[in-house]
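Step one of this worksheet: look at the structure below.
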């Protein structure tokens, strides 16, 4: 069996509105307007040692990026550089200007 | 990922030897996948889908070399080029589809469960042995080194993943599940 080096960089992405509906109660037959609305969702996690963990989730049409890292291993300047790069790449490849390109 | 590595090379933080090696290697990656749908259907239908347990395997995929495009001949000291110089939007979608195709073939492999039954116990045992060692010795195993390995040294020992990706899959499928269970 080959040896695998664990990746130091993990990435999570999800459209959370399908996992966590924003209006409650959510039964379709309830006649009244929803009484509870989910306003915001926050991702909390503890990454593994040596890990840089970048996550993305979408809720209410808002894309949120989160980053977690092992502070014993990474400098904050590097974290900022990675996060900015991911943010800029998302903007370039998935932003409004990219819509006409996806065939 | 490619542009981040290119930044480091242009800043003089990656040697010519390392860079030439990295430029020619395919990009390997992996991600966890939900194994529940492939388990015993009676268990799944009886509540297995909601049972609290870890039931994941991993899918693996590879992309061609780093998409450096016209930046492949840049030398240290040069400015970092824009995204379009490395990877056009069309090629971004091409590479995205390559991953989707490979993932699709992987989960439709008729030996998917068998592949997992061969590979996963090794992963579990590695993690278990480290945890037991840590509990016994109250610290890391002796003989470990934090020597930095070159990309070539790492690759000589096996596959090196450039990143790992987690996905919640097609979460649209979960909508009905939640509607009926809450």
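Bear in mind that the values in this text are calculations on the coordinates, not laboratory data. Everything numeric here is computed off the predicted structure, so don't read it as measured data. All Cβ positions, even for glycine, are placed from backbone atoms using ideal geometry, and neighbour counts span all protein chains on display.
Things to note:
- Shape of the range A:48-92, Cα gyration tensor, a/c cut at 1.5: oblate
- Chain B - percent relative contact order, Cα under 8 Å, separation 6 or more: 31
- Neighbour-count ranking [beta-carbon atoms within 10 angstrom, fewest first] of B:89, B:128: B:128, B:89
- Note on residue B:97 and residue A:92: the model spin-label points, each 7 Å out from Cα along the C-beta direction, lie 2.2 nm apart.
- Efficiency of FRET from Cβ geometry, residue B:18 and residue B:62, R₀ 25 Å, rounded to 0.05: 0.80
- Springs between Cα atoms under 10 Å define the GNM used for chain B, and in it the highest mean-square fluctuation of B:90, B:136, B:23 occurs at B:136.
- Label-point separation, residue B:74 to residue B:149 (7 Å along Cα→Cβ), nm: 2.9
- Springs between Cα atoms under 10 Å define the GNM used for chain B, and in it the highest mean-square fluctuation of B:141, B:110, B:81 occurs at B:141.
- Residue exposure sequence - B:1, A:44 - by fewest surrounding Cβ within 10 Å: A:44, B:1
- Area projected by the alpha carbon convex hull of the range B:1-130, averaged over all directions, nm²: 11.3
- Taking a ≥ b ≥ c as the square roots of the eigenvalues of the Cα gyration tensor, the range B:91-136 is classed as oblate, since a/c reaches at least 1.5 and a/b does not exceed b/c.
- Springs between Cα atoms under 10 Å define the GNM used for chain B, and in it the highest mean-square fluctuation of B:74, B:98, B:149 occurs at B:149.
- Helix-only arithmetic for chain B: the sum of -39500 (n - 2.57) across DSSP H runs with n ≥ 4, divided by the residue total, places the mean residue ellipticity at 222 nm at -14500 deg cm²/dmol.
- Computed FRET value (nearest 0.05) for residue A:60 with residue B:41, which takes r as the C-beta separation and R₀ as 41 Å: 0.70
- FRET efficiency, 1/(1 + (r/R0)^6) with R0 45 Å, evaluated for residue B:136 and residue B:88 via beta carbons: 0.25
- Alpha-carbon centroid distance for the pair the range B:90-109 / the range A:57-97, whole angstrom: 23
- Each of residue A:40 and residue B:166 was given a label point 7 Å from its Cα along the Cα-to-Cβ line. The distance between the two points is 2.1 nm.
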